[in-house]
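To keep things clear, I will list the structure first and then write my remarks on it.
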Amino acid sequence: MMSRFFHRIREKAKDVSQKPIVIVAFGDSVTQGVMEHRLLDSGGVYHKLFQEELEIFFPSTTFSTINAGVSGGTAVQAVERLERDVLRHDPDLVLIAFGLNDSLGGVEGLQGFSAALNQIIRQVRAKTSAAVVLLTPPLMAKRRSMRIHPEHDLMAEKIIRTQTDGVLGCYAEAIRHIAEKEKSGLADIHREWERLAEDGFDTDLWLINGLNHPNRRAHELASRILLNSMISQMPR
């Protein structure tokens, strides 16, 4: 599937009459581009930055990215909107980024989460020729901060506990397992955040809402991880 994605890039470069390379970013509020409370940054979201990097890397090809992120969304809920938000666009690449909201359901929600991701991947492959890349989530907050909006105060403790108890890490590991099993692409953003934390960086500083929304610099990191993951699979 990944080889077809790069074939489409070459095809479009050779023949401008071909349809653009269509990318669908399918995920939650991070994919939607939500930063602070009810504030979107459509230009700074990771998949927009990723498209810009692709345009630099392949300057003769036209790319079009559809933002199919829904704030508060989970993988289980996303199955219901898969046809509307992904399949009908006949994409060439689907980025699947869930786990933050799902993890708030605890370890008991892992089975349903994994089943939903598997279903999404298999439907994408059955009904399109798109390549699939799974993204692991960034870390969430480890402590309270002044950046937390009053409307989010009630959920803050649950988010912090989900991070510090290792539950979110279990969801990231489940995504890695599914990517390996399904032979899909993987952009392991969670692992890179963990490495930063191990090196002494305070990852909470990259959470613009103080809880679970990465800032623009973190979105830039995600786009680079995604690009490197894709380019590493490009046929030579």
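Bear in mind these aren't lab numbers, they're just calculated from the coordinates by the rules spelled out. Keep in mind that this is a model prediction, so the values were computed, not measured. Note: ideal-geometry Cβ built from the backbone for every residue, glycine included; neighbour counts use all protein chains shown.
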Hull-based mean projected area of the range 43-120, where the convex hull spans the alpha carbons, in square nanometres: 6.0
Other-chain or far-sequence residues with amide H under 5 Å of residue 132's (modelled H): 94, 185
Karplus-derived 3J(HN,Hα), 6.51/-1.76/1.60, for each residue of the range 7-21, Hz, glycine and proline x: 5, 5, 4, 5, 4, 5, 5, 7, 9, 5, 6, 5, 5, x, 6
Dipole of the chain [Lys/Arg +1, Asp/Glu -1 at C-beta], most positive-end residue of 150, 221, 18: 18
Separation between Cα centres of the range 132-186 and the range 16-62, rounded to whole Å: 21
³J(HN,Hα), Karplus 6.51/-1.76/1.60, whole Hz, each residue of the range 125-137, x for Gly, Pro: 6, 6, 10, 9, 10, 6, 6, 10, 10, 8, 10, 7, x
Translational diffusion of the range 1-137, µm² s⁻¹ [Kirkwood Rh, Cα pairs; Stokes-Einstein; 20 °C; 1.002 mPa s]: 138
Full-stretch length increase - residue 88, residue 224 - with 0.36 nm per residue and alpha-carbon distance subtracted: 46.2 nm
Kirkwood hydrodynamic radius of the range 184-236, from inverse mean 1/r over distinct Cα pairs, in Å: 12.1
Among 133-142, 81-90, 55-64, the order from most to least packed when residues are scored by Cβ within 10 Å on average: 133-142, 81-90, 55-64
Whole-Hz ³J(HN,Hα) from phi, Karplus 6.51 cos²θ - 1.76 cosθ + 1.60, for the range 44-59, glycine and proline x: x, 6, 4, 6, 5, 5, 4, 4, 4, 5, 4, 5, 6, 5, 10, x
More than 12 Å apart - percent of Cα-Cα pairs taken over the range 140-188: 67
Residue order, fewest to most beta carbons within 10 Å, for 155, 2: 155, 2
Translational D in µm²/s for the range 1-51 (Stokes-Einstein at 25 °C, 0.890 mPa s, Kirkwood Rh from C-alpha pairs): 190
Kirkwood Rh, angstrom, the range 137-218 [1 / mean 1/r, Cα pairs]: 13.5
Net charge dipole size for the chain [Lys, Arg +1 and Asp, Glu -1 on Cβ; Debye, nearest 20]: 700
Pairs of lysine residues in the chain - Cα separation under 26 Å, sequence separation of 8 or more or cross-chain: 11
Check: the range 111-236 dipole with +1 on Lys, Arg Cβ and -1 on Asp, Glu Cβ, in debye: 500
